[in-house]
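Since every read-out is calculated from the coordinates, none of them should be taken as a lab result. Because the structure is a prediction, the values reported are computed rather than measured. A quick note on method: Cβ atoms are made from the backbone with ideal geometry, for glycine too, and the neighbour counts reach across all protein chains shown.
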Amino acid sequence: MNKLSFPIAVLALLISSFLAYHLFSSKQQVYVDVNKLLDGYARTKVVRADFEEKAKTLNANVDSLMTDWQKELKVYEKERSNMTKKELDLKQQLLSNKQQQITNYQKAIQKQIQEEDQKSTQTVINDINDYVKEFGEKNNYDIIFGARGSGNIMYASEKSDLTQEVLDGLNAEFEGK
């Protein structure tokens, strides 16, 4: 029995030392709620307002072209009884071509709006990521998780939530610029 007690005691001491080292040397794991950061960040509101103004202007251009085309169509419908077959064919072809051009322009505008939206959102996300990185380095965190409410982090204690602290610092940095 004595021959087994010493190796077991040494093994228990090694395991205890290993566990104690990891418990006391590891950093607390923390997270931020990414959706709350996006919603609460002052720059998000500014970027979103700028984007909506651009989208409104671009859509107004399309609406104006559509209104002009509809007016031309109404004039055509009123005057077509007085037109010759050749004039009818020509006018129908012109109206059809104009409608196709407007449709193509509308698709291009929608694509541009989508790209602008992605670009503006990415700008805000880059700001947040840069700030969280600096925040983590400054406060000696090894890892800051990003929770999105979609299952990335299934449970976390509220004491591990840095969202408000990060959001306050992020807004202070933005408003100081």
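Applying the Karplus parametrisation 6.51 cos²θ - 1.76 cosθ + 1.60 with θ = phi - 60° to the phi angles of segment 60-72, what ³J(HN,Hα) value in whole Hz is obtained for each residue in order, glycine and proline being reported as x?
Each residue's phi maps through the Karplus curve to give 5, 4, 5, 4, 5, 5, 5, 4, 4, 5, 5, 5, 4 Hz.
Run down the lysines and flag those whose C-alpha is under 29 Å from the C-alpha of residue 159, throwing out any fewer than 8 positions away in its chain.
Partners found: 27, 36, 45, 133, 138.
Under 24 Å Cα-Cα from residue 86, which lysines qualify once same-chain neighbours fewer than 8 residues away are excluded?
List returned: 71, 74, 78, 98.
Using the Karplus curve 6.51 cos²θ - 1.76 cosθ + 1.60 with θ = phi - 60°, work out ³J(HN,Hα) for each residue of segment 36-47 in order, rounded to whole Hz, and write x for Gly and Pro.
For segment 36-47, the Karplus-derived couplings read 5, 5, 4, 6, x, 6, 4, 5, 4, 5, 5, 5 Hz, x marking Gly and Pro.
Which aspartates and glutamates, on any chain, are close to residue 85 with Cα under 15 Å apart, when same-chain ones fewer than 8 places away are left out?
Residue 85 reaches 77.
Quick one: which residues, 5+ away or cross-chain, put their amide H under 5 Å from the amide H of residue 146? H built at 1.01 Å from N.
32
Pop out the ³J(HN,Hα) list for segment 115-120 in order, Karplus 6.51 cos²θ - 1.76 cosθ + 1.60 with θ = phi - 60°, rounded to Hz; leave Gly and Pro as x.
After applying 6.51 cos²θ - 1.76 cosθ + 1.60, I find 5, 4, 5, 5, 5, 5 Hz.
Where the only charges are on Cβ atoms (+1 Lys, Arg; -1 Asp, Glu), what is the dipole of segment 38-177 about its Cα centre, to the nearest 20 debye? Before the final figure, lay out the partial values.
Values: 21 positive and 25 negative charges, 234 e Å.
Here segment 38-177 has a charge dipole of around 1120 debye.
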